[in-house]
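Below: the structure, in structure tokens.
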Amino acid sequence: EYNSCSSADGTKIHYLVALPNCKPTMCIVVGYGAYNIASPISTRRWKPYLDSGCMIVFTFVRGGGDGDLKFWYSSRTVNKVRSCEDFEACIYDVQKRYSIIPNQTCIYGRSAGGYLVGMAVSRNPSGKLFKMVYAEVPYVDVLRTTTNPHLPLTVLEYDEFGNPADGIYEFRTILDLSPVNIKESPDIFVLIRTSENDSQVYPYESYKWLEALRKDKNDKTKLLYNTPKKGHFVNSSENFSEDFFLLKSFRDEQKG
């Protein structure tokens, strides 16, 4: 099903819903929104979730390649927050349209999509919009990366995420949006998957975000899995059954 909703500034945003063969008992909202790259809408990796009664929502937020150049340009550098506003609007609309509650809602982002879901967590730490986050190799330590031009991708990232050296406004905006700059431990279950040989989003970013998210070292609602001997890109045959059962068990715990 193809639907649309209005973002915070009135811009119309679209999303695509893959429904299970029953009344949905859970919702995973997928987002990316960067580099003018079109959002992938394959349901292949999500089949176990669909089979278990979960609906999958593919959002087409600004910053991605799902529209014209204006659609991309309108959510770059200091305006990156618009991607998150679009994402939030889609979540609200899905919940209202399909009678899904926050405890049944999980958000998912990979790589630059991790920046999107990380922003969403920082802006919605109470769990009143979504109760679960699933992030893969997430780009979350944005300020540290953009202030280090010696990292392999930093200079290439300035046009997309901004350059804090351009001025205090740019520095402050990137700091405020950076997921690791979260002000409080969110009341949200977080599952992070990273890879030890990732040369694009270094694994320390995931570890740093995890520490920022946790109330203390005994916080079992914030989990990280480090895939050994893997890089940034995941082989399509890799088994994500652990992630499926972790999310499903948490969902069942919330229902109980």
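Of the residues I182, I168, I192, the single one that is loosely packed, with under 14 Cβ neighbours inside 10 Å and among the hydrophobic types (A, V, I, L, M, F, W, C) is I168. Just one of (1) touching a strand residue (DSSP E or B) at 6+ places or on another chain (Cβ under 8 Å); (2) loosely packed, with under 14 Cβ neighbours inside 10 Å; (3) modelled with pLDDT of 90 or more; (4) over 30 Å from F171 (Cα atoms) fails for A18. It is (2). Among the residues of the stretch 18-37, those that are of a type in the set (A, V, I, L, M, F, W, C) and in contact with a Cys (Cβ under 9 Å, 6 or more places away or on another chain) comprise M26, C27, I28, V29.
The condition of being without any contact (Cβ under 8 Å) to a residue 40 or more places away in the chain and out of contact with any Ser or Thr (no Cβ under 8 Å at 6 or more places or on another chain) holds for only one of S6, S42, that being S42. Any residue that is in contact with a strand residue (DSSP E or B) (Cβ under 7 Å, 6 or more places away or on another chain), part of a loop (DSSP other than H, G, I, E, B) and either open to solvent by less than 60 Å² (accessible area, probe 1.4 Å) or free of Cβ contacts under 8 Å to residues at least 24 places away in the same chain (or both) - is there at least one of those in the stretch 84-94? The answer is no, given that none of the residues of the stretch 84-94 is in contact with a strand residue (DSSP E or B) (Cβ under 7 Å, 6 or more places away or on another chain), part of a loop (DSSP other than H, G, I, E, B) and either open to solvent by less than 60 Å² (accessible area, probe 1.4 Å) or free of Cβ contacts under 8 Å to residues at least 24 places away in the same chain (or both). Among the residues making up the stretch 106-132, those that are over 12 Å from the mean Cα position of the chain (by Cα) and open to solvent by 30 Å² or more (accessible area, probe 1.4 Å) are R123, S126, K128.
Inside the stretch 106-136, can you point out the residues that are among the charged types (D, E, K, R) and either in a loop (DSSP other than H, G, I, E, B) or over 20 Å from R193 (Cβ atoms) (or both)? Result: R123, K128, K131. Every condition in (1) farther than 24 Å from L247 by Cα; (2) among the hydrophobic types (A, V, I, L, M, F, W, C); (3) part of a loop (DSSP other than H, G, I, E, B); (4) touching a helix residue (DSSP H, G or I) at 6+ places or on another chain (Cβ under 9 Å) is met by A38 except one, and the failing one is (4).
Among the residues of the stretch 31-82, count how many are among the β-branched types (V, I, T) and open to solvent by 20 Å² or more (accessible area, probe 1.4 Å). Qualifying residue count for the region: 6.
When N103 is tested against (1) assigned to a helix (DSSP H, G or I); (2) open to solvent by 20 Å² or more (accessible area, probe 1.4 Å); (3) at pLDDT 95 or above, exactly one condition is not met: (3).
For the stretch 139-228, the helices (runs of 4 or more DSSP H) that sit wholly inside it and include 1 or more residues that are at pLDDT 90 or above and under 18 Å from A112 (Cα atoms) are 168-177, 204-213.
The values are calculated or read from the model by the stated rules, or taken from the named source; none is laboratory data. These numbers come from a predicted model, not from an experiment. Positions of Cβ are backbone-derived with ideal geometry, glycine not excepted, and every protein chain shown enters the neighbour counts. When the accessible area is computed, the model is the full protein with side chains, heavy atoms only, and any ligands, DNA or RNA have been set aside. Shrake-Rupley method; radii C 1.70, N 1.55, O 1.52, S 1.80 Å.
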